[in-house]
Amino acid sequence: MVQLKNDVIGMTKYAVFLIFFITLVGCSNTLEVTGDFPRPVITTLPLTVGVVYDQQFQTYRYVEQEEERSDWNIGIGKAQMQLFNAVLPAMFDQVIGVEQVSGANENSVDLFFAPSIEEFQFNVPTETKIKMYEVWIKYNMKVHDAQGSLIADWIITAYGKTPSAFMKSDNDALNEAMLIALRDVGAGLSLRFRHVPEINAWLGQRSRSQQAVQP
Amino acid sequence: MNNQQLCIRVIIGCSVLLLTSCTTVSVDQVKHLATNLTSGESVVVIGRRSGRNYETEPELISCIGNSLSKGEAGLNVIPEQQFVDSLYPWFEPRTAPTQLRQLQHLLDFKQVAQIFDDYNVHYIIWVDGNTEKTRSSGSMSCGISATGVACFGFGSWDHSSEYEASVWDYRSHKLIGKVSSVADGTSYMPAVVIPIPLIAPVQAEACKGMASQLKQFFSTSVK
């Protein structure tokens, strides 16, 4: 009889723990964005660029703060590092990772490039009228010359969306939308870099001074 | 098995057949120019993803691609993702050419033109549209008891598909023609203890209709 009572208490404890665990898991969504990014088909600029990825950029994580929304915890850092490591070597002749923008650079760097995330937003279908997972990432791109002076500072807003589908989980759909958004920033950066007015002017000036040096 | 049981089974069987066949598809095509797809040449089927409130589903694109490549007269179809990745970042949702003159402009870039040549692409089929739920009705309630889970009720919903495929000739830089497909269907879910979904394959029917029309489009040209 005592054995049966102990068994019932044990099973009840187990059931309570299980329900508590399921409740906790059910309320939170953790997503580590993963995917592959192709190398862009573009004309490479004959420049050596020092890239500054600060710690926050490398490990960027979105943690939901709003109480009305599910507890989303989205790791973007690794995926965006993968994207920039695929895009930048196609944009420039040589890309070197550097700790910080420095006037006294020993690597003969022509430009320093420092990307950062300013804002991240997303929607899941339960929050909108459309059956779409949407992601917006606002990037701030800074370019400094070899002496460390700021040349250009501009914003690229990346957007990605993916439709909801039967048997597709929130995590899978949001991961897809994230990859599309990251590809979008890669497209915006690689196609418009030389058209940013300040960079265009700098490239023109550099080209003229190189021509003047040649006999 | 007595007559009554047999009768019930026949009624249930007929009802299931009637319920699952509730999809109507209409396909139209306009052909401006003759196609001339020679052996070894390829086509690529790509979804338009620039719409704000909808997105052409990747599974529809792969369904059309698979249907086109099947059979004796199957075409060489380049998988969408492979093609888009090879030409990154030129065929992304916000950068893909929406007009022929944009494609022409893009092909001035030698690296891009080289990739098209490597794939031996002759036709680009752009598919735009989506499948959406247009109506839902009914109710269902489920309960948990010591003996298990049971549901009772009836639900139904309508889906509508609308797609249009534009066929571009990469070599002549001309619009060859268009194929459109409209499909509607109603799905049902009766539940007596166990819910039985009777899904109308609206998107699959739209894909089938569009693929067979596109195959006809090219059938006269494969040499």
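The values are calculated or read from the model by the stated rules, or taken from the named source; none is laboratory data. Here the structure is a predicted model, which is why all the values come from computation and not from measurement. Methodologically, a virtual Cβ is constructed for each residue, glycine included, from the backbone with ideal geometry; neighbour enumeration extends over all protein chains shown. With ligands, DNA and RNA removed, areas are computed over all heavy atoms of the protein, side chains included. Shrake-Rupley method; radii C 1.70, N 1.55, O 1.52, S 1.80 Å.
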Ratio to report: Rg/Rh of segment A:29-213, with Cα atoms as the point set and Rh obtained by the Kirkwood method; give two decimals.
1.04
Once amide hydrogens are built 1.01 Å from N within the peptide plane, the residues lying 5 or more places from A:Ile151 or on another chain with amide H under 5 Å from its amide H are A:Val143, A:His144, A:Asp145
To the nearest 0.05, what FRET efficiency results for B:Asp85 and B:Gln4 with a Förster distance of 45 Å applied to their C-beta separation?
0.15
Compute the helix-to-body angle for B:110-119: its Cα long axis versus the longest principal axis of chain B, expressed 0 to 90° and rounded to tens.
60 degrees
Average beta-carbon neighbours from other chains, 10 Å sphere, peptide B:127-134
1
If one takes the accessible area of chain A alone plus chain B alone and subtracts that of the pair, with a 1.4 Å probe, what total in Å², rounded to the nearest 100, results?
1900 Å²
Where only protein heavy atoms count, and the probe is 1.4 Å, what is the accessible area per residue for segment B:3-218 in Å²?
52 Å²
With B:Ser180 itself left out, Lys, Arg at +1 and Asp, Glu at -1 over residues whose Cβ is under 11 Å from its Cβ give -3
What does the structure give for B:84-93 when I average, per residue, the other chain Cβ atoms found within 10 Å of the residue Cβ?
6
Share of accessible surface on carbon and sulfur in segment A:29-213, whole %, 1.4 Å probe and ligands ignored, is 46 percent
Surpassing 23 Å at the alpha-carbon level, of the pairs A:Lys78/A:Lys131; B:Lys31/B:Lys215; B:Lys70/B:Lys208; A:Lys131/B:Lys70, are A:Lys78/A:Lys131; A:Lys131/B:Lys70
Does any residue of segment B:39-70 lose at least 30 Å² of accessible area with all protein chains in place compared with its chain alone, and if so which ones (probe 1.4 Å)?
B:Arg52, B:Asn53, B:Glu55
When the accessible area of segment B:46-180 is computed with all protein chains present and a 1.4 Å probe, what percentage of it is carbon and sulfur?
49 percent
Compute the accessible area per residue over segment A:29-213, keeping the other protein chains in place, probe 1.4 Å, unit Å².
49 Å²
In the protein assembly as shown the DSSP beta bridges are antiparallel at a rate, in percent to nearest 5, of 80 percent
Would you mind getting the Kirkwood hydrodynamic radius of segment B:3-218 from its Cα pairs, rounded to one decimal in Å?
19.7 Å
Give the lysines reachable from A:Lys129 as a straight Cα distance under 24 Å; neighbours fewer than 8 places away on the same chain don't count.
A:Lys138, A:Lys161, A:Lys168, B:Lys133
Evaluate peptide A:179-191: per residue, the Cβ atoms of other protein chains within 10 Å of its Cβ; return the mean as an integer.
3
By the gyration tensor of its Cα atoms, with a ≥ b ≥ c the square roots of the eigenvalues, what is the shape of the protein assembly as shown: rounded for a/c under 1.5, prolate for a/b over b/c, or oblate?
oblate
Return the sequence-ordered ³J(HN,Hα) values of segment B:37-53 in whole Hz as given by the Karplus equation 6.51 cos²θ - 1.76 cosθ + 1.60 applied to θ = phi - 60°, using x for Gly and Pro.
8, 9, 4, x, 7, 10, 10, 10, 10, 10, x, 7, 10, 8, x, 6, 9
When Lys and Arg each count +1 and Asp and Glu each count -1, what net charge do the other residues less than 13 Å away from A:Glu64, Cβ to Cβ, add up to?
-4
